[in-house]
Structure formats: structure tokens, C-alpha cells
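Worksheet: one structure, shown below.
The values are calculated or read from the model by the stated rules, or taken from the named source; none is laboratory data. What you see is a predicted model, and the numbers here were worked out from it, not measured in a lab. Positions of Cβ are generated from backbone atoms using ideal geometry, with glycine treated the same way; all protein chains shown enter the neighbour counts. We work out accessible area using only protein heavy atoms, side chains counted, and drop any ligands, DNA or RNA first. Shrake-Rupley method; radii C 1.70, N 1.55, O 1.52, S 1.80 Å.
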Amino acid sequence: MKPMLSLLFKFGKKQSKQTLEEEVLAVQAGNIQLRNEIIDKYRPFIAKSVSSVCKRYINESDDEFSIGLIAFNEAIDKYSTDKGSSLISFADLIIKRRVIDFIRKESKHNTVSLSNYSNNEEENVPNQIEATLSIEDYTKQLEQAQRKEEILYYQTVLAQFDLTISDLIECSPKHADARENCIKIAEILVNNKELKVHLFQKKMLPIKHLERLVKVSRKTIERNRKYIIAIAIILSGDYLYLNEYLKGAVNSEKRDCVRSSS
């Protein structure tokens, strides 16, 4: 009886199912069949992401869906656990970004085609101006949409660290030199693979280890913990607009410091 029971429990146990993120790591290790299975399974998700940008129903025969499919595959290749988010959140950002880029390029092409429609150059000038203005407005709308999607994605990653945008506004250092020091600490953190993994796996700032690598006190690191984490997330991820904003803010503060000292 006992052998029968042992066999029952041995073979009756269900194997733990891999998470999507674990499957993606297996794909990156060379499992091509699993890649195809994941892409096929998440076609409805891809269509939904593309549709949210295009504001219309998307068929799999549409060019935009093909762009989304390529973008999802790109997200599989680029995903890593230190992105600080799920593959779905990361893929959603990449898909929407690529579709917006595609729409922007297509709209520019269409503008050129329209501007060549009239054979009368004098009549064509107003058409070109109108088309140029409309495409500029449309491009701005696309950029705003892309920026919005990036911030929404950033918020999902912050939430995993129990942080919000409001927290960052409240805890942002008041002085420019303090902010610059925090950014330097965040850069040291993300450039150290071990510390970076610690941050994204445990969702905690490795203060003890950081203290040995920076020139500020432990108390300063602890006081600015939330801000340092927030900056480290930006530096580690695919944030086009937030990275540009961060670089611009640092350069602006440096210029201000130079002016004040001269």
C-alpha cells in the first residue's frame, strides 16, 4: 500500500508553472519554440495595445498590428528582471512607442504626397503650409501621448517600491547640489551590477554597500532614499523623455552654479 501511495504522490504532483518572465528568460537562452508560443498567445494583448494608440479596432492584417508584433518580439529580447516591471508593462510601453513612431513617419510621408498633388506651384504654397502646420500639431499630439504612456509605465514601476509621483515631489531635495549628489549616487548604484540586482529584486536601497562607494554620509543616503531609488529606476529603464528631462535638469543646475560663482 505504501509504495502505491508514494507513487501516487510522486507522479500526482503538479509541476509549478513558469511565470511569463521566467519563460522570457528561457526564450532569451535560445528556446525558439517557446518564443513563438508566447507571441501567439499574446496576440490579443498586442492588438489591444496597438488599438489604444490608433483609437480604432485593429485587425491582424493591419500594418500597425505588424509593427506591434515586431515591438512585442523586441520587448522579449530586451526584457530583464532589473527593468523593475513585468514583461507585460514593459512590452506595452515598447509597442505603443513603436506604433507612435510608425504613425509619425507615415503622416510625414502623406504630407509630402499631398504637397505634390497640385501642379500649380502658387496654389500649392497654401496647401503646403496648411499640411505642415497640421502635421506639426499631429506630431505634438503623438509626442504627448508617448510621454503620457512613459509616465504611466514609470508609475507602475514606482508602485513596486511603494512609491508615487507625489512622494517624489515631497522628498525631492531642495538644493541643486543635493539633487546632483543624489543623481551621482543613483548612477553609481545602476553601474554596479550587484547593487542594481539588489535594488530591483529586494525593492530596497542597498544603503550599507552604497555608503562604502560614495562620499556622503549614511544619514544623507537614508534621508534621500526615495529620490535616489526614483532616479535609479529612470537610469535603468527605457525612459526616453524622463532621461532627457533628467539630463536637462542637471545641465541647467550646473549652468546656474557657474553663473552664481562668476
Quick calc, Lys174 & Arg147: beta-carbon distance into FRET formula, R0 22 Å, rounding 0.05, result 0.25
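Given R₀ = 45 Å, what would the calculated FRET efficiency be for Ser217 paired with Glu21, taking r from the Cβ atoms and rounding to 0.05?
Once the sixth-power term is evaluated, E becomes 0.75.
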For Lys55 and Ser80, extending 7 Å from Cα along the Cα-Cβ vector and measuring point to point gives, in nm, a value of 3.8
Sorted on mean Cβ neighbours within 10 Å (highest first), peptides 212-219, 195-202, 226-233 come out as 226-233, 195-202, 212-219
Cα-Cα pairs in the stretch 54-108 separated by more than 15 Å, as a whole percent of all pairs, come to 49
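Applying 1/(1 + (r/R0)^6) with R0 = 22 Å to the Cβ-Cβ distance of Lys184 and Ala159, what FRET efficiency is obtained, to the nearest 0.05?
0.30
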If the label point sits 7 Å along Cα→Cβ of Ala29, residues of the stretch 81-105 with amide N under 17 Å come out as 81-82
In terms of the charge dipole of the stretch 144-215, which places +1 on Lys and Arg and -1 on Asp and Glu at the beta carbon, the residue among Val214, Gln146, Met204 farthest towards the positive end is Val214
Rounded to the nearest 10 Å², the accessible area of Glu23 using a 1.4 Å probe with every protein chain kept is 40
Simple spin-label estimate for Asp40/Gln201, 7 Å along Cα→Cβ, in nm, reads 3.4
Too long for a 31 Å Cα-Cα cut-off, among Lys105/Lys202; Lys193/Lys219; Lys48/Lys247; Lys48/Lys78; Lys208/Lys247, are Lys105/Lys202; Lys48/Lys247
Taking Lys and Arg as +1 and Asp and Glu as -1, residues besides Lys208 with C-beta under 14 Å from its C-beta add up to +2
